[in-house]
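Here the structure is laid out as structure tokens; the discussion comes afterwards.
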Amino acid sequence: MQAFAETCEGVASTTKKLQKIAYVADYFNSTPVDSAAVSSVFFSGRPFAVWEESTLNIGGALLWRIVEELSGKSGDELSSAYRRHGDLGAVAGEVLTAARQIDLSVVDLQNRFREIASARGPVAKSEIVRDLLSRVSPLEAKYIIKIMTGDLRIGLKESLVEDAIARAYGARLKEVQRANMLLGDIGETLKLAAAGKLAEAKMRLFHPLGFMLASPAATAEEALSYFEDALVEDKYDGIRAQAHCSADEVRLFSRTRDNITESFPELPGALLGMPQDVILDGEIVAWSYLEDETGGPGRAQPFSALQQRLGRKKVSEKLMQQVPVAYLVFDILYIGQELLLDRPLSERSRILDSVLENVRRQSRMQQAGQATFDFPAEVPGHVTRVLRAPVSFASAAAELEQLFEAAQARGNEGLMIKDPQSSYTPGRRGKSWLKLKRELATLDVVVTAVEYGHGKRIGVLSDYTFAVWDGERLVNIGKAYSGLTDLEISEMTRWFIEHTLEDQGMRLLVEPKIVLEVAFNNMMKSDRHNSGYALRFPRIVRLRPDKLPEDADRIERVRQIFEAQQKS
Ligand code: AMP
């Protein structure tokens, strides 16, 4: 573990990517393959492989208390160290003193992480952590805490770890990337690379793949500047889900690759009994199966309706009836033994049509939808749960405008505009998928500090300061007071108290984990916040529990919006 921590120090000491890659590759070369494999997961800032469902479930506030106790420092001393470093791991590295040390290997450490994940309750968890941190060097403690909080902050992304694997074992980067994408496990990828067997990496059902992401387009004209003929779908306001379906099992994964099947017990049934294994991509939305005012067969409901269904392990019959959901499928990534990612969207789309048509024919109990907005009428007693997201085509801005208005009239957020020739690129945000939304611009931001409110919100943390990324750093850009429901605010208050890093009285610095989508009227240059920008009339559109902090927007996008605004 000491060698791992020293390598991290080396990586942090340079901003040059090649140098970072060289440090990690040298470390891999000097380490047995099993340890290198575990280290590659740690270098990616995680305690466990992406596909694994274990989580440590230990809050920053608890870690803070353990560091306070082991170091014997006062809360004030710790706070001032935190202000200097902005990172609890680095604080621990500074304030902890050398203890009677054990020789902890990275494999031992991962075993301890597994014990923490399976321990029940904060008391049992903190005992293991305290014991662990009291027996390692301050430098090891620094990186153990960083891995536990999910971010090494040494300028090393998983993509650079892939580079280092390619370099250490003389493999081609493209093959390393492909194996990692298929396996969702950088450690397994490293083992295959070391054995010269990357070509053997096979897609495994129930190991989620990365999701293809979309870039924003400001106007219909801009959208059509990237490709001439567009495949167009409504942009549904729900949560993204990847469905892995075998003949007798279905699992749903969120964008953060968590297994969310238990939250939607009514969906798997509609996807069971496929003639072949498939992986589908789509959006889960709250859906009204009632006829709408135009006599239509129902429509997607706003995200706020779906929110009541999120994050629940147990879902009551009553809630399922109160907030019915549908899975709107728009892509297929795998069928039989074949991975479809490299096929153009137009082909994937045809394959998807026929798969869902088959499901419809096969399943007497439940029906899947057709590729039009005339969703099939309800079979008495049974409701449609899986729908093919309807597709249109457009090659002129005026056509897109019309589709945009129709989508909004159906209550959807806007349009997704896709290049029919494009392959599916997991985890990448390119120009092959574009999103055209209602608000001129919204930003995805990370909450960094919270304050108690005024008036009826006096006892709750309702004022949020939020930030965007500037390189590896979060820089504040605004503060917003409203937009969430009372219930959300009270749930968030509990979370923030549990995840406070520094209590400044009325204001708490919190772990930067919560992502919000914020809208605003315009943007100004300002030295009020350390990003150098401020938002005018910022309002919270919604919480984004489906996004990780690293998915939040970057300062480059802020600059782009600011410049576009100056021109208009
Ligand atoms: P955003 O979350 O604002 O970055 O927009 C991208 C998200 O829109 C995707 O990750 C999906 O969750 C969602 N979405 C809704 N409808 C579609 C669709 N038809 N195609 C692709 N993504 C969609």
task: Whenever you get a sec, line up Ser354, Ser71 from highest to lowest accessible area (probe 1.4 Å, protein heavy atoms).
output: Ser354, Ser71
message: Suppose accessible area is computed on protein heavy atoms with a 1.4 Å probe; arrange Tyr424, Tyr169 from highest to lowest.
response: Tyr169, Tyr424
message: For Arg507, project a label point 7 Å along Cα to C-beta. Then give me every residue of the stretch 457-488 with its amide nitrogen under 15 Å of that point.
response: 462-467, 475-481
query: Among Thr485, Leu271, Ala300, whose Cα lies farthest out toward the positive end of the dipole of the chain, if unit charges sit on the beta carbon of Lys, Arg (+1) and Asp, Glu (-1)?
result: Thr485
task: With a 1.4 Å probe and every protein chain left in place, tell me how much accessible area Phe227 has, in Å² to the nearest 10.
output: 20 Å²
task: Would you kindly derive the ³J(HN,Hα) couplings of the stretch 162-174 from the backbone phi angles with the Karplus curve 6.51 cos²θ - 1.76 cosθ + 1.60 (θ = phi - 60°), listing them in order in whole Hz, with x for Gly and Pro?
output: 4, 4, 5, 5, 4, 5, 5, 10, x, 9, 7, 4, 4
query: When the accessible area of the stretch 1-96 is split by element with a 1.4 Å probe, what percent falls to carbon and sulfur?
result: 47 percent
- request: Quote to one decimal, in nm, the extra length available between Asp486 and Gln322 on full extension: 0.36 nm per residue of separation minus the C-alpha distance between them.
  value: 57.0 nm
- prompt: Mind checking the dipole of the stretch 2-149: about its Cα centre, +1 per Lys or Arg Cβ, -1 per Asp or Glu Cβ, Debye to the nearest 20?
  reply: 300 debye
field: Charge dipole (debye, nearest 20) of the chain; +1 at Cβ of Lys and Arg, -1 at Cβ of Asp and Glu
entry: 620 debye
query: When the chain is fully extended, how far beyond the present Cα-Cα distance does Gln19 get from Arg528, taking 0.36 nm per residue of separation?
result: 179.6 nm
message: Could you give the length gained by full extension between Glu127 and Ser395, i.e. 0.36 nm per residue of separation minus their alpha carbon distance, to one decimal place?
response: 90.3 nm
task: Return the long-range amide H neighbours of Trp287 (sequence gap of 5 or more, or a different chain), with a cut-off of under 5 Å between placed amide H atoms.
output: Gln301, Val325, Ala326
- prompt: Rounded to the nearest 0.05, what FRET efficiency is calculated for Ala195 and Asp258 with R0 set to 35 Å and r the Cβ-Cβ distance?
  reply: 0.70
- prompt: Where in the stretch 19-51 does the label zone of Leu173 land, with the point 7 angstrom along Cα→C-beta and an amide N cut-off under 13 Å?
  reply: 19-22
query: In the stretch 2-149, with Lys and Arg counted as +1 and Asp and Glu as -1 at Cβ, which of these residues, Gly86, Ser118, Phe43, has the Cα nearest the positive end of the dipole, that is, farthest along it?
result: Gly86
- request: Positive end of the charge dipole of the chain (Lys, Arg +1 and Asp, Glu -1 on Cβ, about the Cα centre): tell me which of Gly184, Ala243, Ala467 has its Cα farthest that way.
  value: Ala467
query: Just the accessible area per residue of the chain, please: how many Å² with a 1.4 Å probe?
result: 45 Å²
field: Low-density loop positions, trypsin sites (Lys or Arg not before Pro), the stretch 170-243 - DSSP coil, at most 15 other Cβ in 10 Å
entry: Arg172, Lys197, Lys202, Arg204
- prompt: How far, in degrees from 0 to 90, does helix 555-567 lean away from the longest principal axis of the Cα atoms of the chain, to the nearest 10?
  reply: 50 degrees
message: With θ taken as phi - 60° and the coefficients 6.51, -1.76 and 1.60, list the Karplus ³J(HN,Hα) couplings across the stretch 400-410 in order, rounded to whole Hz; mark glycine and proline as x.
response: 4, 4, 5, 5, 4, 5, 5, 5, 5, 5, 7
- request: Go ahead and estimate [θ] at 222 nm for the chain from helices alone: -39,500 (n - 2.57) per DSSP H run with n ≥ 4, summed, over the residue count, rounded to 500.
  value: -11000 deg cm²/dmol
query: In nm, to one decimal, how far is the modelled label at Lys157 from the one at Gln308, with both set 7 Å along Cα→Cβ?
result: 3.9 nm
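The values are calculated or read from the model by the stated rules, or taken from the named source; none is laboratory data. These numbers come from a predicted model, not from an experiment. Glycine gets a Cβ as well: all are built from the backbone with ideal geometry, and neighbour counts include every protein chain shown. Keep in mind that these areas ignore ligands, DNA and RNA; they rest on the heavy atoms of the full protein, side chains included. Shrake-Rupley method; radii C 1.70, N 1.55, O 1.52, S 1.80 Å.
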